[in-house]
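A.B. asks: This is the structure I have questions about; it appears just below.
Every number in this text was worked out from the coordinates using simple rules, so none of it is lab data. In this text, all values refer to a predicted model and were calculated from it rather than measured experimentally. Using ideal geometry, Cβ is built from the backbone for each residue, glycine included, and neighbour counts are taken over all protein chains shown.
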Amino acid sequence: MRRQIVIGNWKLHGDQQFVAELLRELMNGWIGVHQAEVVVCPSFVHMDLAGRTLGHSNIMLGAQDVSHFAEGAYTGDVSASMLHDLGCHYAIVGHSERRRHYGETNELVAKKFQAAQDARLVPILCVGESAKEREQGITLEVIGRQLQAVADYCGAERIARGVIAYEPLWAVGTGKIASPEQAQEVHEFIRRGLGPAGVVTRIVYGGSVTPSNAQSMFAMPDIDGALVGGAALRASDFLEICRAAE
Ligand code: 13P
């Protein structure tokens, strides 16, 4: 009922040549009809190149962030409608790196979530606890607060129409992945919190996903795909993860 989705977050990597080559390899490796949906999120400056290269291929385009403003005097920002105009379908909001390095709060993330949906992008809402919060046993409380902030601002039914990415901070870029059971516990908690609408919501796991561990994650009932960082920069690894989601 839920179509699995694998999203590559390229973060601050690559130049035009790298982007064009990686996309060519991905397109060659993902021809035809597939059960799983594949999304790549290059940097803003490479979105146009990526959109043109992908054309009508079955690989979708996503952004790594989006402004919470629709338009106006906001130097440096990129709006959801600008992204939509480039053929972008998805936008990551609230990634832990944006929360940590740029001080994004739950409230700002909620505004970005709404701005994305208002411009017909599907927001990919990232939530996750720190190592300390997990040690303290407050993981579900932290995740609950992050989701509640968006629900309070946008209404609970709108969250269910987005994609939710559970990315424990201690697993992002560390090579230390959560166990499938740890991830499943949080995914199940998130889905339950969404109520009846949550049966169709895709909840993906992110944090040190590789070809060798993807399969065991995807085998869990509430894990509907992955948000991949490092391994998304190598076509063969990323394609292997995508195939594991089918
Ligand atoms: P890694 O896969 O490199 O751990 O990154 C995960 C991530 O942050 C994806 O958004």
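A.B. asks: Report the residue count in segment 188-246 for those that are within 11 Å of the ligand (Cβ to nearest atom) and in a strand (DSSP E or B).
C.D. replies: Within segment 188-246, residues that are within 11 Å of the ligand (Cβ to nearest atom) and in a strand (DSSP E or B) number 6.
A.B. asks: Further, regarding this structure: Given the criteria more than 16 Å from the ligand (Cβ to nearest atom) and crowded, with 19+ Cβ neighbours inside 10 Å, does residue 177 qualify?
C.D. replies: no
A.B. asks: Moving on to the next point. Does residue 139 satisfy the criteria of being within 11 Å of the ligand (Cβ to nearest atom) and either among the β-branched types (Val, Ile, Thr) or touching a His at 6+ places or on another chain (Cβ under 8 Å) (or both)?
C.D. replies: Here the answer is no, as residue 139 does not meet what is asked.
A.B. asks: Quick one: how many residues across segment 34-67 are under 21 Å from residue 202 (Cβ atoms) and surrounded by fewer than 16 Cβ atoms within 10 Å (Cβ to Cβ)?
C.D. replies: Total meeting the criteria: 3.
A.B. asks: Would you check if there is a residue in segment 233-240 being more than 15 Å from residue 3 (Cα to Cα), among the aromatic types (Phe, Trp, Tyr) and surrounded by 21 or more Cβ atoms within 10 Å (Cβ to Cβ)?
C.D. replies: Yes, there is a match, as at least one residue in segment 233-240 is more than 15 Å from residue 3 (Cα to Cα), among the aromatic types (Phe, Trp, Tyr) and surrounded by 21 or more Cβ atoms within 10 Å (Cβ to Cβ).
A.B. asks: Also: Of all residues in segment 154-183 being of a type in the set (Val, Ile, Thr) and under 16 Å from the mean Cα position of the chain (by Cα), which is nearest to residue 98 (Cα to Cα)?
C.D. replies: Once the filter is applied, the top-ranked residue is 172.
A.B. asks: Regarding segment 73-80, can at least one residue be identified that is within 26 Å of residue 172 (Cα to Cα) and more than 16 Å from the chain's Cα centre (by Cα)?
C.D. replies: yes
A.B. asks: Is at least one residue of segment 40-50 hydroxyl-bearing (Ser, Thr, Tyr), within 27 Å of residue 147 (Cβ to Cβ) and part of a loop (DSSP other than H, G, I, E, B)?
C.D. replies: No, segment 40-50 contains no residue that is hydroxyl-bearing (Ser, Thr, Tyr), within 27 Å of residue 147 (Cβ to Cβ) and part of a loop (DSSP other than H, G, I, E, B).
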